[in-house]
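The values are calculated or read from the model by the stated rules, or taken from the named source; none is laboratory data. Every value quoted in this text rests on a predicted model; they were computed, and no experiment measured them. Note that each Cβ is placed from the backbone with ideal geometry, even for glycine, and that neighbours are counted across all protein chains shown.
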Amino acid sequence: MYQLTRGVLALMIGFIFSILFGAVLLPILRKIKIKQTLSTYLSKKHKDKEGTPTMGGLIFIVPTLLSVIALLLLDKIEFSANLFIVLFVFLAYALLGFIDDFLIIKRKNNIGLTEFQKLAGQLLIALIVFAIYMKSGAEPVIEIYTLGIEINLGWFYGIFLLFMLVASSNAVNITDGLDGLAGGLSLVAFLTFALISANSPAILGTSDISVFCFVLCGSLLGFLAFNSRPAKVFMGDTGSLSLGATLAIIAIITKHELTFIIVSGVFIFETLVCLIQIISMVYFHKKVFLMTPFHHHLEKLGWNERDIVVVFWCIGLLLSMAAIVFGVWI
């Protein structure tokens, strides 16, 4: 009950800070013309979004960071190596996304960092995380509690960690294409890991990571007040890269990598659709989908944006409930 109370309080703090910060930040973004430049491939339905402020990820990043610092100073949570790793990933990937968004705005087109530059930055951060993670005493082991399986990957664990962080950050980035879509799915995913982390007391600092997740959920809820259709602000790469990488590192620290695959089912599906389209175009010169990611394919089929978002949220919620059953109960 105490852990649940902490979680509810953390969620409330994150939500209040996010709403207040968003109300202050949004007019500033408009004033200094931090505007989104849309891809020329998007349908006419999205033309009304041209000029919407971006870098909205700051609305949940800054309040989450300030809330966690406040809780640390008040001794409501304890600082640990694992919590440090989570915060480092959260901020480092946010900074990388911020640079990408800044370049897009400065150049007034949809081209920020090159794919190589973005990948290089993601790999560098992931390497630093791996070094810190192994020095903290962690073992290069993947555990599947439900099946009673324990796999020691040895040095290959570093490659596995790199893949998790890079793939997850890009998957959320790909999914961030409709108002409220990535934000809502991320809220459900982090709420799932907040509950899973609270149930992993044997791992150092996971109860405090649970509080971090609850704070972030509150902040994301506040962000959705500004990002739900019609969106007043977009999270940009500042938010999407940070959310994806943070979700992955929490899964790794809590030893729920397989559960992560279930929780991130929608993000993974969106990414696979893009890969299938690329492979089909390169080798067969044919489109499998009308447009990728998949949410744009549904738009081309005539689906309403709001309906797509709600359906994807529902699927994400069902997958998260299944993940909790798989990762905690069974």
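Looking only at segment 279-313, count every residue that is surrounded by 12 or more Cβ atoms within 10 Å (Cβ to Cβ), assigned to a helix (DSSP H, G or I) and free of Cβ contacts under 8 Å to residues at least 60 places away in the same chain and tell me the total.
So the count comes out to 7.
Which members of segment 260-292 meet the condition of being over 13 Å from residue 168 (Cβ atoms), modelled with pLDDT under 95 and within 18 Å of the chain's Cα centre (by Cα)?
Listed by number, the list holds a single entry, 262.
Considering segment 109-129 alone, what residues qualify as being among the small types (Gly, Ala, Ser) and either within 17 Å of the chain's Cα centre (by Cα) or surrounded by 14 or more Cβ atoms within 10 Å (Cβ to Cβ) (or both)? Before the answer, list the steps.
Here is the first cut: in segment 109-129, the ones among the small types (Gly, Ala, Ser) are 112, 120-121, 126.
Within segment 109-129, 112, 121, 126 meet the criteria.
Say we look at segment 130-160 and pick out the residues that are part of a helix (DSSP H, G or I) and β-branched (Val, Ile, Thr); which of these is farthest from residue 246 (Cα to Cα)?
146
Take segment 143-176 and flag every residue that is of a type in the set (D, E, K, R) and touching a residue at least 12 places away in the same chain (Cβ under 8 Å). Give the steps one after another, and end with the answer.
Applying the first criterion (of a type in the set (D, E, K, R)) to segment 143-176 yields 143, 150, 176.
Correct list: 143, 176.
Output the number of the condition that residue 195 fails; it satisfies all remaining conditions of (1) under 18 Å from residue 59 (Cβ atoms); (2) over 12 Å from the mean Cα position of the chain (by Cα).
So the condition that residue 195 fails would be (1).
Report yes if residue 99 is aliphatic (A, V, I, L, M), in a loop (DSSP other than H, G, I, E, B) and without any contact (Cβ under 8 Å) to a residue 24 or more places away in the chain, otherwise no. Spell out the reasoning first.
Working: aliphatic (A, V, I, L, M): yes; in a loop (DSSP other than H, G, I, E, B): no; without any contact (Cβ under 8 Å) to a residue 24 or more places away in the chain: yes.
For residue 99, the condition - aliphatic (A, V, I, L, M), in a loop (DSSP other than H, G, I, E, B) and without any contact (Cβ under 8 Å) to a residue 24 or more places away in the chain - is not met.
Considering only residues of segment 50-75 that are surrounded by fewer than 16 Cβ atoms within 10 Å (Cβ to Cβ) and of a type outside the set (A, V, I, L, M, F, W, C), which is modelled with the highest pLDDT?
Ranking the candidates gives 75 first.
Looking only at segment 53-100, count every residue that is among the hydroxyl-bearing types (Ser, Thr, Tyr) and more than 20 Å from residue 253 (Cα to Cα) and tell me the total. Step through it out loud before you land on a result.
Of segment 53-100, the ones among the hydroxyl-bearing types (Ser, Thr, Tyr) are 54, 64, 67, 80, 93.
Narrowing further to those that are more than 20 Å from residue 253 (Cα to Cα): 54, 67.
Count: 2.
Kindly indicate the residue of segment 80-95 that is in a helix (DSSP H, G or I), at pLDDT below 95 and touching a Leu at 6+ places or on another chain (Cβ under 8 Å) and also surrounded by the fewest Cβ atoms within 10 Å (Cβ to Cβ) among those meeting that condition.
So, considering only residues that are in a helix (DSSP H, G or I), at pLDDT below 95 and touching a Leu at 6+ places or on another chain (Cβ under 8 Å), the one surrounded by the fewest Cβ atoms within 10 Å (Cβ to Cβ) is 81.
Suppose the filter is over 17 Å from residue 250 (Cα atoms) and assigned to a loop (DSSP other than H, G, I, E, B); does residue 111 pass it? Steps first, please.
Numbers: over 17 Å from residue 250 (Cα atoms): yes; assigned to a loop (DSSP other than H, G, I, E, B): yes.
Yes.
Just the residues that are outside any helix (DSSP H, G or I) and either within 23 Å of residue 169 (Cα to Cα) or in contact (Cβ under 8 Å) with a residue 40 or more places away in the chain (or both), please, taken from segment 51-75. Steps first, please.
Here is the first cut: in segment 51-75, the ones outside any helix (DSSP H, G or I) are 51-57, 74-75.
Result: 52, 53, 54, 55, 56, 57.
As an exercise: evaluate residue 179 against (1) modelled with pLDDT of 90 or more; (2) part of a helix (DSSP H, G or I); (3) over 21 Å from residue 83 (Cβ atoms) and give the number of the one condition it does not meet.
Going through the list (1) modelled with pLDDT of 90 or more; (2) part of a helix (DSSP H, G or I); (3) over 21 Å from residue 83 (Cβ atoms), residue 179 breaks only (2).
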